[in-house]
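Worksheet for the structure shown next.
What follows draws every value from the coordinates through simple rules; no lab data is involved. All values derive from a computational prediction rather than experimental measurement. Here the Cβ positions follow ideal geometry from the backbone for every residue, glycine too, while neighbour counts run over all protein chains shown.
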Amino acid sequence: MEPIIRTENLSIQFGGHRAVDGVNFQMQAKHFKSIIGPNGAGKTTFFNLLSGELKPTEGEIFLKGESLADDSSIERTRKGLGRSFQITNVFPNLTVLENVRLAVQSREKVRFNFYKHYLQYKSITNEAVEILGQVLLDNKVNAVASQLSHGEKRKLEIAMLLALNTEILLLDEPTAGMSLEEVPAILEVIRSIKEQGDKTILLIEHKMDMILDLSDSIMVLFNGKLLADGTPSEIMDNETVQNAYLGGLYDEQLIKP
């Protein structure tokens, strides 16, 4: 079966530094894969290559067998590849509902009409409200986005990706900067999306308990290279990965006392 997304010898070089170095990667549709590795391993740079924020020095990215070499980040989103960022990316002066409704309108190519009130687009509004329920923000519909907590903004960003009907979600450290109290809610949202079974999810995260709980497979990046890729148990039992972590090269959260 053709993977929904794959890379061939994907590399990018900044001066003399190869931030991503010859990564051959693939994912089947409706799979949940996490990426782990130390700071500087190339995780976010790899995401930037997949989503089109950066152009590779070498190699290619394929979505459903089609090369994305000439596609911008916007074009990739339209083809179903959605990306969240370490820093939230919402419209701060609009309400929660307006943020998601605009995403639905963008997907449906509905343009603003001076002679038609937005409430006349009832199906778009209803869909936006339904999506906000999926991410546990149905009680914040009329709140201005800038007034949300950091965790609520992360949920809103995920809602906007769902509104765009993206098939692949690239989630870059969705719990970064959250208080301990906010983490369970975002975990519940991500688990719910996974259990619906219609999305492919690629996650960068440092919380190993979260990764082990959610992931179908885990890939390990180190110095821009793909060190290992397998099931959670295979990765935890992998001697090369263990040596790297035990050598102090990786996030200390993997090896717990």
query: Semi-axes of the equivalent ellipsoid of the chain: what are they in whole Å, largest first, if each equals the square root of 5 times a C-alpha gyration tensor eigenvalue?
result: 33, 22, 16
field: Within the chain, helix-based [θ] at 222 nm, where runs of 4 or more DSSP H residues each add -39,500 (n - 2.57), nearest 500
entry: -10500 deg cm²/dmol
task: Can you tell me the FRET efficiency between Phe14 and Asn126 if r is taken as the Cβ-Cβ distance and R0 is 35 Å, rounded to the nearest 0.05?
output: 0.15
- request: Starting from the Cα of Ser72, step 7 Å along the direction of its Cβ; do the same at Met1; then give the gap between the two resulting points in nm.
  value: 3.4 nm
message: At 0.36 nm per residue, and after removing the present C-alpha to C-alpha distance, how many nm does the segment from Val183 to Gln28 gain when stretched out fully?
response: 53.0 nm
query: What ratio of Cα Rg to 2.2 N^0.38 Å holds for segment 19-106?
result: 1.25
field: Rounded to 5, percent antiparallel among DSSP beta bridges of segment 5-246
entry: 55 percent
field: D_trans [Stokes-Einstein, Kirkwood Rh over alpha-carbon pairs] for segment 145-247, 37 °C, 0.692 mPa s, µm² s⁻¹
entry: 217 µm²/s
field: Distance violations [Cα-Cα > 19 Å] among Lys43/Lys225; Lys30/Lys64; Lys140/Lys194; Lys155/Lys194; Lys79/Lys140
entry: Lys140/Lys194; Lys79/Lys140
